[in-house]
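Visitor: The following block contains the structure, expressed as structure tokens.
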Amino acid sequence: MPCTIDHLVIAAEDLDAGAEAVSATLGVPLAPGGQHPAMGTHNRLLSLGEGEYLEVIAIDPQAIPPGRPRWFALDSFEGAPRPVAWVLRCDDLDAALAAAPEGIGAPMELSRGDLAWRLTVPEIGVTPFDGLFPALIEWEEGDHPAEQLPPSGCTLERLELFHPAAEALEAALAPLVEDARLLVRYGALPQMRAVIATPHGPRLLGP
């Protein structure tokens, strides 16, 4: 039941500033995204090739607060835009949930335009392992965001996760994903970074 990498989440305090920073780093423009009324957030998107993309996400100051912790720990986010989460695409979300650690969260049914999906959202807004364990997503049949985005010439080259309990994190991931681009390493502080191949050479997002 392996899942596959679906998308990377880059948090920002302000969406326009975050999108501009990521675009400057990668040397390519981001595409429009949309709003998430259930979470009070909005985003911009970038294709990372077939079936994968990157989103820059921030709290939408015009949205009604959701009355619960927002996803990806956005309520407490501050500082420069950086990778804070990643999402695994699963053909059978319920089966994947059975193999995931406690605290992954219950699936929420969400939609935006002609897109509809189920995504695990923890009650506290943070996935296990200080947010380094991925959220799990199952898209309804039909379009996927990556299919609607213009080609960017960018692909995910490497995703690195650093955590004090690296071995436990790696063991928790093993039943769900096997991807040579995914590296789990010891780090005194939980953090993640992504190496993106671009038309201008590899670029680093994160510390």
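Visitor: In debye to the nearest 20, how big a dipole does region 67-207 give about its Cα centre with +1 on each Lys and Arg Cβ and -1 on each Asp and Glu Cβ?
Guide: Details: 11 positive and 21 negative charges, 146 e Å.
Its charge dipole is roughly 700 debye.
Visitor: Something else about it: Using Cβ-Cβ distances only, list the Cys residues of the chain with no partner cysteine under 4.7 Å, sorted by number.
Guide: Cys154
Visitor: Another question, if that's okay. For the chain, calculate the relative contact order in percent as a whole number, restricting contacts to Cα pairs under 8 Å that are 6 or more residues apart.
Guide: Numbers: 481 pairs, mean separation 49.2, N = 207.
Once normalised by length, the contact order is 24 percent.
Visitor: Which value at 222 nm does the chain reach when only helices count, each DSSP H run of 4 or more adding -39,500 (n - 2.57), with the total divided by all residues and rounded to the nearest 500 deg cm²/dmol? Working shown, then result.
Guide: Details: 4 runs with 31 residues, N = 207.
The per-residue figure over the chain is -4000 deg cm²/dmol.
Visitor: Computed over the Cα atoms, what is the radius of gyration of region 67-153 divided by 2.2 N^0.38 Å, N being its residue count?
Guide: 1.16
Visitor: Could you tell me what percent of the DSSP beta bridges with both partners in the chain are antiparallel, to the nearest 5?
Guide: About 75 percent, rounded to the nearest 5.
Visitor: In percent, what relative contact order does region 64-132 have, based on Cα pairs under 8 Å that are 6 or more apart in sequence? Please report the intermediate quantities before stating the final value.
Guide: Details: 63 pairs, mean separation 26.7, N = 69.
Here the relative contact order equals 39 percent.
Visitor: Further question: Hey, can you rank 132-140, 20-28 by average C-beta count inside 10 Å, highest first?
Guide: Working: 132-140: 22.1, 20-28: 17.6.
Most protected by this proxy first, the peptides run 132-140, 20-28.
Visitor: In whole angstrom, how far apart do the alpha carbon centroids of region 88-127 and region 148-179 sit?
Guide: If you average the Cα positions of each part, the centres end up 17 Å apart.
Visitor: Less than 17 Å from a label point 7 Å out along the Cα-to-Cβ axis of Thr4: which backbone N atoms in region 90-108 qualify, by residue?
Guide: Counting backbone N atoms under 17 Å from the label point, the list is 90-93, 96.
Visitor: On the first, second and third principal axes, largest extent first, how far apart are the outermost C-alpha atoms of the chain in Å?
Guide: That works out to 38, 37, 34 Å along the principal axes.
Visitor: Sticking with this structure for a sec: Which whole-number percentage describes the relative contact order of region 142-207, with Cα contacts under 8 Å and a sequence gap of 6 or more?
Guide: Details: 98 pairs, mean separation 25.2, N = 66.
Relative contact order, region 142-207: 38 percent.
Visitor: Report the local net charge at Gly40: Lys and Arg +1, Asp and Glu -1, summed over other residues whose C-beta lies under 11 Å from its C-beta. Let's see the in-between values first.
Guide: Working: positive: Arg68, Arg70; negative: Asp60, Asp75.
Here the count lands on 0.
Visitor: How do 30-40, 196-206 rank on mean C-beta neighbours within 10 Å, highest first?
Guide: Numbers: 30-40: 17.6, 196-206: 15.2.
So the peptides 30-40, 196-206, ranked by packing, come out 30-40, 196-206.
Visitor: Using per-residue counts of other Cβ atoms within 10 Å, averaged over each peptide, order 81-91, 185-195 from highest down. Walk me through the numbers before you get to the answer.
Guide: Details: 81-91: 21.9, 185-195: 14.9.
Ranking the peptides 81-91, 185-195 by packing returns 81-91, 185-195.
A short reminder: the numbers here are calculations on the coordinates, not readings from a lab. From a predicted model like this one, the values you see are computed outputs, not experimental measurements. Reconstructed Cβ throughout: ideal geometry from the backbone, glycine too, with neighbour counts over all protein chains shown.
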